[in-house]
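Remarks on the structure that follows.
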């Protein structure tokens, strides 16, 4: 049973470009969460989605960031016009029901 | 708002010894879950152990066990017979019923010395 898949594992972007991060949840999981980890810090919640719905985006910056989880395909976290402060590790997690969240390997975003 | 506090930024122990990592949390909720996640140098987040607040019995997973003190809002992790592969950052995390967000502590960097 494959775990949570994230790609790419590493992403380098120049300031002003767009970053697209993908997450495929574990089989049978319909809940997807995105977290951000800045260097030397813990993970901070960004957004919680179920298929085709954003349930809670209270941790997402109001501008430049968006997330989706379409009926078919992976969840996408999109960052437009990236800035150096967006450099971080972005983790996706999935769960079957509210309870235990299983994490993917993360995407390390570096903005030059 | 819920908060999770890990007061030990770094710890180190000799291989085969026992080590305890501390975690306290603050919540007004009565039903919730607590977790310990491990983040090795690969930076993958790995679930170590889970505790339901309504269970009085402390959770155990092989060499890992917790001391859950609900009244004190304390949730420590004990690692017995520590191994080199236990070297990692350890994060305590909290989630309450009806809320989908995990709240993480700032982590404890554990080093197992050969």
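The values are calculated or read from the model by the stated rules, or taken from the named source; none is laboratory data. Please read all numbers here as calculations on a predicted model, not as lab measurements. Neighbour counts run over all protein chains shown; Cβ positions are idealised from the backbone, glycine included.
For region A:52-65, indicate whether the set of residues that are in contact with a strand residue (DSSP E or B) (Cβ under 6 Å, 6 or more places away or on another chain) and under 13 Å from residue A:21 (Cα atoms) is non-empty. Within region A:52-65, one or more residues are in contact with a strand residue (DSSP E or B) (Cβ under 6 Å, 6 or more places away or on another chain) and under 13 Å from residue A:21 (Cα atoms).
Conditions (1) within 29 Å of residue A:5 (Cα to Cα); (2) surrounded by fewer than 16 Cβ atoms within 10 Å (Cβ to Cβ); (3) within 14 Å of another protein chain (Cβ to nearest Cβ), marked per residue:
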{"position": "B:46", "(1), (2), (3)": "yes, yes, yes"}
{"position": "B:49", "(1), (2), (3)": "yes, no, yes"}
{"position": "B:55", "(1), (2), (3)": "no, yes, yes"}
{"position": "B:61", "(1), (2), (3)": "yes, yes, yes"}
{"position": "B:65", "(1), (2), (3)": "yes, no, no"}
{"position": "B:76", "(1), (2), (3)": "no, no, no"}
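Residue-level check: of (1) under 22 Å from residue A:59 (Cβ atoms); (2) at pLDDT below 95, residue B:37 misses just (2).
When residue A:58 is tested against the conditions (1) farther than 22 Å from residue B:44 by Cα; (2) within 11 Å of the chain's Cα centre (by Cα), the lone failure is (2).
Scan region A:5-25 for residues that are surrounded by 18 or more Cβ atoms within 10 Å (Cβ to Cβ) and closer than 11 Å to residue A:94 by Cβ and the total you get is 4.
Consider region A:39-56 and keep the residues that are away from every other protein chain (no Cβ under 11 Å) and at pLDDT 90 or above. The one that is surrounded by the most Cβ atoms within 10 Å (Cβ to Cβ) is A:54. If I ask for residues that are out of contact with any strand residue (DSSP E or B) (no Cβ under 6 Å at 6 or more places or on another chain) and under 14 Å from residue A:89 (Cα atoms), which ones from region B:34-57 would you list? Matches in region B:34-57: B:41, B:42, B:43, B:44. Every residue in region A:66-92 that is within 22 Å of residue B:91 (Cβ to Cβ) and either within 12 Å of chain B (Cβ to nearest Cβ) or out of contact with any strand residue (DSSP E or B) (no Cβ under 9 Å at 6 or more places or on another chain) (or both), please. Once the filter is applied, which keeps residues that are within 22 Å of residue B:91 (Cβ to Cβ) and either within 12 Å of chain B (Cβ to nearest Cβ) or out of contact with any strand residue (DSSP E or B) (no Cβ under 9 Å at 6 or more places or on another chain) (or both), region A:66-92 yields A:88, A:89, A:90, A:91, A:92.
Scanning region B:75-113 for residues that are part of a loop (DSSP other than H, G, I, E, B), at pLDDT below 95 and farther than 13 Å from residue B:22 by Cβ yields B:97, B:98, B:99, B:100, B:101, B:102. Annotation for region B:91-113: no member residue is without any contact (Cβ under 8 Å) to a residue 60 or more places away in the chain, more than 14 Å from chain A (Cβ to nearest Cβ) and out of contact with any helix residue (DSSP H, G or I) (no Cβ under 8 Å at 6 or more places or on another chain).
Considering region B:29-43, the residues that are within 13 Å of chain A (Cβ to nearest Cβ) and over 15 Å from residue B:93 (Cβ atoms) include one that is surrounded by the most Cβ atoms within 10 Å (Cβ to Cβ), namely B:43.
Among the numbered conditions (1) within 22 Å of residue B:46 (Cβ to Cβ); (2) loosely packed, with under 15 Cβ neighbours inside 10 Å; (3) away from chain B (no Cβ under 14 Å), the only one that residue A:63 does not meet is (1).
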